[in-house]
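Bear in mind these aren't lab numbers, they're just calculated from the coordinates by the rules spelled out. Treat the numbers as computed from the prediction; the structure is a model and nothing was measured. As a convention, Cβ positions derive from the backbone with ideal geometry for all residues, glycine included, and neighbour counts pool all protein chains shown.
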Amino acid sequence: MSPAQQRVDGRTARSERTRNAIVDAHLRLIGEGDLRPTADRIAKTAGVSLRALWSHFADMEALFTASGKRVLEVRDASHRPISPELPLPERIEAYCRQRARLLEQIGPTAKAAAIKEPFSETLRRYRRMHVQRVRDELAALFAAEVDGNDELLDALTAVSMWPTWSTWRENMDLSVIAARARLSRTITALLAAA
């Protein structure tokens with residue numbers, strides 16, 4: 001490799017490290033409870049200048065896009081497929097256990113997104129993507145029970161999303177175990193009614 005190629009590769013690697021540091025800082029601040037971190041706080045946490053932040057991200061929407069992608073990557077890495085061949089009670093238990101874990105994991109970013117979502121097409125797009133992913137998972141896992149019933153699938157999806165979980169955890173002050181039990185009971189009741 002020529003010295004010129006090494007310089008370019010070094011700059012590219014530094015640029016990628018800086019970009020990752022900014023996304024990490026954004027998500028770290030949110031995770032620590034700063035649900036509306038400013039560009040200045042993000043840059044300071046990342047250990048970069050504000051100018052460096054704006055040279056890597058044209059605007060906050062671009063940063064939301066990169067952070068949203070990272071949240072999806074983390075979610076995908078911790079998601080474990082559940083066999084639709086399991087008996088129904090075991091599928092419900094496995095789904096609720098995993099869903100509770102994932103909802104706890106994305107909680108801070110979900111809260112932060114809810115604040116800015118009305119003003120951000122990027123965040124609304126990520127919300128729709130999350131909803132569709134959960135809906136697809138439910139449709140596959142409970143295919144025999146749902147059997148094309150969109151009303152049932154809508155109900156299962158709604159109770160599996162962050163707003164319901166947040167109501168149980170934050171508004172009703174339930175523990176993770178208690179909230180997971182409510183999720184399991186609701187899904188069981190919906191599937192039994194079908």
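Which one is right for this structure if Rg and Dmax of the Cα atoms in Å is calculated from it: (i) 32.0, 106; (ii) 17.9, 70; (iii) 20.1, 69?
Structure-derived value, by its label: (iii).
Going 7 Å from the Cα of ALA158 along its beta-carbon direction, which residues of the stretch 175-193 have the amide nitrogen within less than 18 Å of the resulting point?
Inside the label zone: 182-193.
Please tell me the relative contact order of the chain in percent, rounded to the nearest whole number, where contacts are Cα pairs under 8 Å and at least six residues apart.
19 percent
Tell me, what HN-Hα J-couplings in whole Hz come from the Karplus equation 6.51 cos²θ - 1.76 cosθ + 1.60 at θ = phi - 60° for each residue of the stretch 58-68, using x for Gly and Pro?
Per-residue couplings from phi come out as 4, 7, 5, 4, 5, 5, 4, 4, 5, 5, x Hz.
What are the ³J(HN,Hα) couplings of the stretch 172-189, residue after residue, when phi is run through the Karplus curve with 6.51, -1.76, 1.60 and θ = phi - 60°? Round to Hz, x for glycine and proline.
Each residue of the stretch 172-189 in turn: 9, 6, 7, 6, 4, 4, 5, 5, 5, 5, 5, 4, 4, 5, 5, 5, 4, 5 Hz.
Go through the stretch 19-33 residue by residue and turn each phi into a ³J(HN,Hα) via Karplus (6.51, -1.76, 1.60, θ = phi - 60°); whole Hz please, and just put x for glycine and proline.
Result, rounded to whole Hz: 4, 5, 4, 5, 4, 4, 5, 4, 5, 5, 4, 4, x, 8, x.
Sum -39500 (n - 2.57) across every DSSP H segment of at least 4 residues in the chain, then divide by the residue count to get the 222 nm mean residue ellipticity, nearest 500. Don't skip to the answer; put the middle values down first.
Values: 10 runs with 150 residues, N = 194.
My calculation for the chain gives -25500 deg cm²/dmol from helical runs alone.
Is there a quick way to get the dipole size of the stretch 88-194? I mean about its Cα centre, with the Cβ of Lys and Arg at +1 and of Asp and Glu at -1; what is the value in debye to the nearest 20? Display every interim value, and only then the final one.
Numbers: 16 positive and 14 negative charges, 94 e Å.
Roughly 440 debye for the stretch 88-194.
What stretch of the chain, leaving out the sites themselves, is the longest with no GluC sites (Glu not before Pro) in a DSSP loop having at most 15 other Cβ atoms within 10 Å? Mind dumping the intermediate values first?
On the way: sites that count: GLU32, GLU85.
In the chain, the maximal stretch lacking such sites is 86-194.
Add +1 for every Lys or Arg and -1 for every Asp or Glu among the other residues with Cβ under 12 Å from the Cβ of ARG127, and state the total. List each step's numbers first, then the result.
Values: positive: LYS116, ARG124, ARG125, ARG128, ARG133; negative: GLU117, GLU121.
So the surrounding residues net to +3.
Using a cut-off of under 17 Å, list every residue of the stretch 61-80 whose amide N is near the label point 7 Å from the Cα of ALA94 along the Cα-to-beta-carbon line.
Only 78-80 fall inside the zone, counting backbone N under 17 Å.
Give me the net charge of VAL23's neighbourhood, meaning all other residues with Cβ under 13 Å from the Cβ of VAL23; Lys, Arg count +1, Asp, Glu -1.
Details: positive: ARG17, ARG19, ARG28, LYS69, ARG70; negative: GLU16, ASP24, GLU73.
Local net charge: +2.
Counting pairs of alpha carbon atoms under 8 Å apart in space and at least six apart in sequence, what relative contact order in percent does the stretch 81-194 give? Write out the running numbers ahead of the final one.
On the way: 73 pairs, mean separation 37.7, N = 114.
About 33 percent, as a whole number.
Could you give the length gained on full extension between GLU32 and LEU72, defined as 0.36 nm per residue of separation minus the Cα-Cα distance, in nm? Don't jump to the answer; show the numbers that get you there.
Details: separation 40, 0.36 × 40 = 14.40 nm, distance 1.90 nm.
Extra length available between GLU32 and LEU72 comes to 12.5 nm.
Would you mind telling me which residue in ALA143, ALA77, ALA66 has the biggest mean-square fluctuation in a Gaussian network model of the chain, where springs connect alpha carbons within a distance under 10 angstrom?
The residue with the greatest mean-square fluctuation here is ALA77.
Starting from the Cα of ARG185, step 7 Å along the direction of its Cβ; do the same at SER55; then give the gap between the two resulting points in nm.
5.7 nm
Measure out, as a whole number of angstrom, how far apart the alpha-carbon centroids of the stretch 74-117 and the stretch 33-67 sit.
28 Å
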